[in-house]
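To start, the structure under review is shown below, and the notes come after it.
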Amino acid sequence: MHSPNCALCQPDDSHNVLWRNDKLRVIDAEDPDYPGFTRVAWNDHVCEMTDLEPPDRRHIMDVVWLVEGVMRVELMPGKVNVAQLGNYVPHIHWHVIPRWPLDSRYPDAIWAPMRERSPEQLLAWEVFRERQYGLLTAYHASLRVALNSL
Ligand SMILES: [Zn+2]
């Protein structure tokens, strides 16, 4: 079941789909401010978690927690934010977002305006963020291994 006007119902750019099965897919959000930001999207156009049958609900949450677990090991975030909003795209998708006290919106949500930062803080975040980019290949490889053994 797909909806013609829904972004998550359109064919994916295959390069950012890290893993998929017949129910869902795991996507690299490719957000330049949040290296490692990962989404778990249901394949069918389903609006709310309670629209899913309980086994499907458990399946998507198992995948979300698996992503969080691998993210913690590989990227060592200061905090993981997990969110399911869908106000703009009412098609179930979970955001799993690594956060660090240096990032440009911490401790606010990533959708909040950027915080005031000193030049030193901005530079520190740039350096740290570049280092995080260097960890993404290993993170994605570990994610695929863990998802394949789910
Ligand atoms: Zn959709």
Spin-label pair residue 138/residue 30, simplified geometry with 7 Å Cα→Cβ offset, distance in nm: 2.4
Magnitude of the charge dipole, segment 7-148, Cβ model with Lys/Arg +1 and Asp/Glu -1, debye to 20: 340
Compactness of the chain - radius of gyration and Dmax, Cα, Å: 15.9, 50
Using θ = phi - 60° and Karplus 6.51 cos²θ - 1.76 cosθ + 1.60, couplings along segment 86-91 (whole Hz; Gly, Pro as x): x, 6, 7, 10, x, 9
In order through segment 93-106: 3J(HN,Hα) via Karplus (6.51 cos²θ - 1.76 cosθ + 1.60), integer Hz, x for Gly, Pro: 8, 9, 9, 10, 10, x, 10, 9, x, 7, 5, 6, 10, 4
Between 0 and 90°, nearest 10: helix 119-133 axis offset from the chain longest Cα axis: 40
Calculated [θ] (222 nm, deg cm²/dmol) that DSSP helices of n ≥ 4 give over the chain, each run adding -39,500 (n - 2.57): -11000 deg cm²/dmol
Of 77, 101, 35, the one that fluctuates the most in a GNM where the chain has Cα springs shorter than 10 Å: 101
Top of 98, 119, 107 by mean-square fluctuation, Gaussian network on the chain, Cα under 10 Å: 119
In degrees, nearest ten, helix 54-75 long axis to first principal axis of the chain (Cα): 20
Residue range of the chain that is longest and free of chymotrypsin sites (Phe, Trp or Tyr not before Pro) which are both DSSP loop and sparsely packed (at most 11 other C-beta within 10 Å): 1-87
The chain: angle of helix 136-148 to the longest principal axis, Cα-based, in degrees nearest 10: 30
Positive dipole terminus of the chain, leading residue within 77, 112, 36 (C-beta point charges): 77
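Since every read-out is calculated from the coordinates, none of them should be taken as a lab result. Here the structure is a predicted model, which is why all the values come from computation and not from measurement. Using ideal geometry, Cβ is built from the backbone for each residue, glycine included, and neighbour counts are taken over all protein chains shown.
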